[in-house]
Amino acid sequence: MGLHPSLHERPPLHERPPLSIGLDIGGTKIAAGVVNSLGDVVERVPELPCPASDQEAVLRTVSGLVAELLARHTGITAIGVGAAGLVDWPEGRIRTAPNNAYRDVPIRRLLEDFTGLPTVVDNDANAACWAEYRLGHRAAYMLFITVGTGVGGGLILDDHLFRGRTGIGMEIGHMIVDPHGTQRCGCGNIGCLETLASGPALGRYGSTAAATDPAGLLSTLAGGPARVTGETVSAAALTGDPVACAQLERLGRWLGIGIATLVNLFDIELVVVGGGVARAGDPLLKPIRRSFEHFVTARSHRELPEIEPARLGPEAGWMGAALLALDDNEHGALCGRGAAVT
Ligand SMILES: [Zn+2]
């Protein structure tokens with residue numbers, strides 16, 4: 001009897017860690033699964049195609065996945081969504097996305113109404129950044145840059161995910177690095193990093209190079225210079241093909257310029273490079289490091305950050321979203337809904 005609970009009324013020491021559902025809604029597919037707060041994968045759902053041109057169909061697919069996972073797992077305490085596009089934080093409203101026909105979707109509110117569970121919705125690159133930080137590389141000042149169909153990323157500052165005023169900051173791919181260039185970005189500008197350093201840019205460089213060398217490996221692998229893609233260049237580079245390696249060198253130079261600018265601004269401790277193109281490994285990472293070291297300011301008066309490959313691969317998006325939901329749930333009151341782990 002008394003005001004304080006007796007020992008045997010306390011929760012067991014080895015209580016199961018809480019679970020969270022994570023979803024990654026991209027332009028072409030939706031990935032999902034369940035993790036616990038330690039980052040252990042409890043279930044991963046096979047990827048589904050994303051009906052990107054039909055907002056209602058996307059929401060039906062998402063709610064169907066969530067309902068299935070809730071039915072299969074007890075102990076789910078939160079839901080996290082990583083979505084391609086501009087996502088307001090903390091409202092979790094998708095303003096727009098380059099490859100989805102959204103009309104200002106309040107997806108966080110819709111999921112909270114549907115499930116009654118606390119939900120967070122963030123940009124997919126932010127979610128992947130959080131997964132790399134929580135489960136791959138723990139650095140208090142970490143830049144994550146993803147190189148694939150576009151160039152994106154996230155930034156950890158003082159162990160917090162940086163989002164800017166409304167959540168739409170860190171559009172790394174739209175840093176202007178070459179305003180006198182000729183390639184127009186999907187955003188309408190000229191000179192965005194994404195137009196010079198993404199998978200499609202690599203394909204463009206490879207295609208041009210193959211046109212002057214039609215009997216070379218790039219053209220042979222692709223079935224003609226015009227059919228060379230970023231994947232063709234990466235595959236050829238893995239065999240040591242010098243023409244392919246020269247194209248990755250070109251890509252790496254631009255990425256190094258972008259990274260040097262961000263390191264100059266934010267005094268970053270670790271740079272993590274992910275995304276499909278980064279799977280090329282050293283043929284991309286080495287030129288990134290060379291270019292970065294050339295362009296970073298005061299290089300002989302500072303400790304240069306390591307530039308390392310991502311550890312988690314394509315699952316980082318949904319896993320990071322799930323972890324963000326748990327971390328935000330736990331720490332939100334202290335951190336103004338900004339996730340932080342100490
Ligand atoms: Zn742009």
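The values are calculated or read from the model by the stated rules, or taken from the named source; none is laboratory data. All of these numbers come straight from a predicted model, not from anything done at the bench. Counting neighbours? That spans all protein chains shown, and the Cβs are built from the backbone with ideal geometry, glycine included.
Some notes on this structure:
- Among (1) without any contact (Cβ under 8 Å) to a residue 12 or more places away in the chain; (2) over 18 Å from residue 250 (Cβ atoms); (3) within 16 Å of the ligand (Cβ to nearest atom); (4) of a type in the set (S, T, N, Q), the one test that residue 220 misses: (3)
- Looking across region 184-229, the residues that are touching a strand residue (DSSP E or B) at 6+ places or on another chain (Cβ under 7 Å) and assigned to a loop (DSSP other than H, G, I, E, B) come down to 185, 189, 191, 198.
- Flag for residue 248 being touching a residue at least 40 places away in the same chain (Cβ under 8 Å) and within 16 Å of the ligand (Cβ to nearest atom): no
- Count of residues meeting criterion [within 27 Å of residue 293 (Cα to Cα) and small (Gly, Ala, Ser)] in region 202-255: 12
- Take the conditions (1) surrounded by 15 or more Cβ atoms within 10 Å (Cβ to Cβ); (2) under 19 Å from the mean Cα position of the chain (by Cα); (3) closer than 26 Å to residue 270 by Cα; residue 140 misses just one of them, which is (1).
- Selection count where residues are within 11 Å of the ligand (Cβ to nearest atom) and either surrounded by fewer than 16 Cβ atoms within 10 Å (Cβ to Cβ) or part of a loop (DSSP other than H, G, I, E, B) (or both), scope region 156-177: 4
- Condition check for residue 326 on (1) assigned by TED's automatic domain parsing to the domain that holds residue 193; (2) under 22 Å from residue 89 (Cβ atoms): one failure, at (1).
- When restricted to residues that are buried (at least 20 other Cβ atoms within 10 Å of the Cβ) and more than 10 Å from the ligand (Cβ to nearest atom), region 178-215 contains 12.
- Of 279, 289, all but one fail to be surrounded by fewer than 23 Cβ atoms within 10 Å (Cβ to Cβ), under 30 Å from residue 65 (Cβ atoms) and touching a helix residue (DSSP H, G or I) at 6+ places or on another chain (Cβ under 8 Å); the exception is 279.
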